[in-house]
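Peer 1: One structure is given below, represented as structure tokens, and several questions about it will come after.
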């Protein structure tokens, strides 16, 4: 048929783009506007082959083949099919397994079934040479696209280049239409602003170190900076949270709501500001104001046995004022559960901050008692133990546990809880906004 198909080796495309723009092949160094990238591939393929597009196949690796947020966004785009191989870690480096085999199988199957007249390959791997030759034998024209190499040399197999019918180079100007180095963000990848509503809780010292600093000040030696002034990760034995437990959910002393211990920023992994970067920002710079800010919060940690207060003189256990708050599962009917799953698959990208927002939105919309929302808001920044555990289990659906030994990354936990509280703040503020006359 007179149609074209594009087969994209995402590891090659994005790795080469990172080398070109950021100086190293780490994909974490670049920000990608996937919608713009897919549209650019489609338009260029149709222009150069003079054939309408049948489909773009996106081949990539993922831990345990669990779709990551970018894969979830891509697979619901028109004319895009995502194929995932395994992503394994060996000797401290990540390696894709099965991606080349999947591309080879798709390439030969398309040609054998005469599903298209032209195939565009965006890859540099010489392992695809037999598949390319097989496609040519079935009468398919093969177009090989390269990403401009950082050193001006080839970044593709020479045998692959020699065997292709047509060859084009995606140069820097074309690549920067959808990809930016994180050090120099552009329109498609705006700088992620810090979420100041969680600043103070991240910079708050642990109770032990706070007491030591106060004693030093009383002795005239001055207050020293708390060496462990981070959130739950500073305490001994604190690790990432397993989906069945609600751990590390920092909370302020009940005397006031200092800041949000829920999350660090609505940014993707690896781009979350450190507690020192966020220290002192406060909620007044952007988030809804907390009614009673406290300069130094006492952190409490949740566990399977309930809330454990690390400060002196406080009890243990779930506070009675939150014991009656319903969990989302109790508020969700079978029909809503099906609709939720459909929404998760088709529209929720899996970004940690967005996951927290979606969970909070559903919880709020299904409350039967309107008094539950302000009741939860008074607990800010501590998410009640049962709801927090349910929130983290929900986040596990989106691959946020992958390649972390079934544990949620610390920065992802911050972002998940930040999204949850941002949605609660927005809904609470909306309820208290007077209607116009």
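Peer 1: Can you tell which of 65, 83 is touching a strand residue (DSSP E or B) at 6+ places or on another chain (Cβ under 8 Å) and within 17 Å of residue 38 (Cα to Cα)?
Peer 2: 83
Peer 1: Take the conditions surrounded by fewer than 22 Cβ atoms within 10 Å (Cβ to Cβ), under 19 Å from residue 160 (Cα atoms), touching a residue at least 12 places away in the same chain (Cβ under 8 Å) and touching a strand residue (DSSP E or B) at 6+ places or on another chain (Cβ under 6 Å) and apply them to residue 102. Does it pass?
Peer 2: Yes.
Peer 1: Got a sec? Which of 76, 66 is surrounded by fewer than 20 Cβ atoms within 10 Å (Cβ to Cβ), assigned by TED's automatic domain parsing to the domain that holds residue 97 and touching a helix residue (DSSP H, G or I) at 6+ places or on another chain (Cβ under 7 Å)?
Peer 2: Result: 76 is the single residue among 76, 66 that is surrounded by fewer than 20 Cβ atoms within 10 Å (Cβ to Cβ), assigned by TED's automatic domain parsing to the domain that holds residue 97 and touching a helix residue (DSSP H, G or I) at 6+ places or on another chain (Cβ under 7 Å).
Peer 1: Which residue pairs have Cβ atoms under 6 Å apart, sit 6 or more places apart or on different chains, and have a first residue in the stretch 6-30 that is closer than 11 Å to residue 175 by Cα and a second that is in a helix (DSSP H, G or I)?
Peer 2: 14/27; 17/175; 18/27; 18/29
Peer 1: In addition: Taking the stated definitions as given, is residue 149 surrounded by fewer than 22 Cβ atoms within 10 Å (Cβ to Cβ), under 25 Å from residue 1 (Cα atoms) and at pLDDT below 95?
Peer 2: no
Peer 1: Can you give me the number of residues within the stretch 345-365 that are surrounded by fewer than 17 Cβ atoms within 10 Å (Cβ to Cβ) and assigned to a helix (DSSP H, G or I)?
Peer 2: Total satisfying the criteria: 4.
Peer 1: Would you pick out the residues in the stretch 314-355 that are within 16 Å of residue 386 (Cβ to Cβ) and modelled with pLDDT of 85 or more?
Peer 2: Within the stretch 314-355, 325, 326, 327, 328, 329, 330, 331, 332 meet the criteria.
Peer 1: Identify, please: which residue in the stretch 162-184 is touching a strand residue (DSSP E or B) at 6+ places or on another chain (Cβ under 6 Å) and not in a strand (DSSP E or B) and is, among those, modelled with the lowest pLDDT?
Peer 2: Among those that are touching a strand residue (DSSP E or B) at 6+ places or on another chain (Cβ under 6 Å) and not in a strand (DSSP E or B), it is 182.
The values are calculated or read from the model by the stated rules, or taken from the named source; none is laboratory data. Note that the coordinates shown come from a computational prediction; the quantities given were computed from them, not determined experimentally. Cβ atoms come from the backbone with ideal geometry, glycine included; neighbour counts cover every protein chain shown.
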